[in-house]
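A.B. asks: Pasting in a structure now, in structure tokens, and then I'll have a few things to ask.
Every number here is computed from the coordinates shown, using simple stated rules; none is lab data. Only a predicted model underlies this, so the values are computations on that prediction, with no experimental measurement involved. As a convention, Cβ positions derive from the backbone with ideal geometry for all residues, glycine included, and neighbour counts pool all protein chains shown.
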Amino acid sequence: MKNLLSQSVPLSSDTLYTGWRVFILLACYNGARYVEEQIRSIQAQHFSDWVLIVRDDGSRDDTVEIIQRLTQEDARIHLLDDRIGNLGVSGNFSELMQYALMREADYVFFSDQDDIWNPDKLGVMLAAMREMEATEGNRLPLLVYSDLAVVDAQKKMIAPSFLKYVKRSPAHTNLGVLLAQCQVVGCACLVNRAALDLACPVPQGAWMHDWWLAILCAAVGRIGYVEQPLVQYRQHGANVFGVKSFWYRVARFLYSPKRWRDQISIVYRSILQAGLVRERIRSRGAHPHFESEQQLANYANLLAVPAFKRLGILKACGSYRTMPLENAIFKLLLILQRRDG
């Protein structure tokens, strides 16, 4: 992972080259309660030279009507009406990413419908991305992500740092860890054109668009981190993917057979996802970092070997979950996977 980028000076529209095409992708589904507040927080950004593309996934509430009204007020906001229907969270973002690629976006942010962005989010993260590109060049797939503050439905603070709340560390944003555990949150991410080009289209076998992007960038590009929280990550009863404290997650997991099955499925799909990443890198002629190809191959082939050999292979490819208890459970779940063939 690229060194922490917490000292980046925010860029405003006055200081930023306006030739950049900055896209914000907002995936909606039954978001009428919160989506306008989120869009207002985007409109309040100090950096204002952006385009917001919204795709609704078949809402049954007033989400579409709210978005249509906002498009009439602000020419930067566009509702993507592709008439494809309900695709789920990952599919929704995948369609948005394809659209941004087609429209030749230079930089892409991802937005959930129920969060609130700090006014300096775009400027700080664009400055961090430009800092990385000054070193790495803009042809390398790059991803920058920030911390988040966790709040409740009424915006009351739950935790000032998302990463501390869920026991994650930006020091572990390497390929080995990312193969086993997603370390980034989509609504706190920015990617450049090279990352978008490599990631699109997001295959159906990928778990989520943010995990897919993070693995690709770790394998062939770079990941950077902005230490400050730039998003108020709202928790409420209707979250598709909510966030809970580490110990809450462990307790719920240990006493829920459904959680065991879900986690077994996640481990299985993470292995399939590694194979898809490897295939994408090869098909696009990308050049993985030294050892990345072997790490991907080892992880993707875990189910092809007997259970008793898997932990040794896991160690060889540097894959683990960052909390000891979670890692022990992860290893158990890996052993319990059925062997291919």
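A.B. asks: How far is helix 63-73 tilted, in degrees, relative to the longest principal axis of the Cα atoms in the chain, given as a value from 0 to 90 rounded to the nearest 10?
C.D. replies: 40 degrees
A.B. asks: Now for a different question. Can you compute the charge dipole magnitude of the chain about its Cα centre, using +1 on each Lys and Arg Cβ and -1 on each Asp and Glu Cβ, nothing else charged? Give it in debye, rounded to the nearest 20.
C.D. replies: 1740 debye
A.B. asks: Can you tell me the orientation of helix 324-336 relative to the chain, as the angle in degrees between its alpha-carbon axis and the longest Cα principal axis, to the nearest 10?
C.D. replies: Value to nearest ten degrees: 60.
A.B. asks: Please report, in debye to the nearest 20, how large the charge dipole of the stretch 246-336 is about its Cα centre when each Lys and Arg carries +1 at its beta carbon and each Asp and Glu carries -1 there.
C.D. replies: Here the size comes out at about 280 debye.
A.B. asks: While we're looking at this one, here's another question. Distance between the C-alpha centers of the stretch 299-320 and the stretch 23-80? Whole Å please.
C.D. replies: Result: 43 Å between the Cα centres.
A.B. asks: In addition: Expressed in whole Å with the largest first, what are the equivalent ellipsoid semi-axes of the stretch 22-234 derived from the C-alpha gyration tensor as the square root of 5 times each eigenvalue?
C.D. replies: On the way: eigenvalues 123, 79, 59 Å².
Output for the stretch 22-234: semi-axes of 25, 20, 17 Å.
A.B. asks: Shape call for the stretch 246-336 from the C-alpha gyration tensor, a ≥ b ≥ c root eigenvalues: rounded (a/c under 1.5), prolate (a/b greater than b/c) or oblate?
C.D. replies: Values: a/c = 2.11, a/b = 1.94, b/c = 1.09.
Judged from the Cα gyration tensor, the stretch 246-336 comes out prolate (a/c at least 1.5, a/b above b/c).
A.B. asks: Treating the angle as unsigned and between 0 and 90°, give the value, to the nearest 10°, between the Cα long axis of helix 307-316 and the longest Cα principal axis of the chain.
C.D. replies: Orientation of helix 307-316: about 60 degrees from the principal axis.
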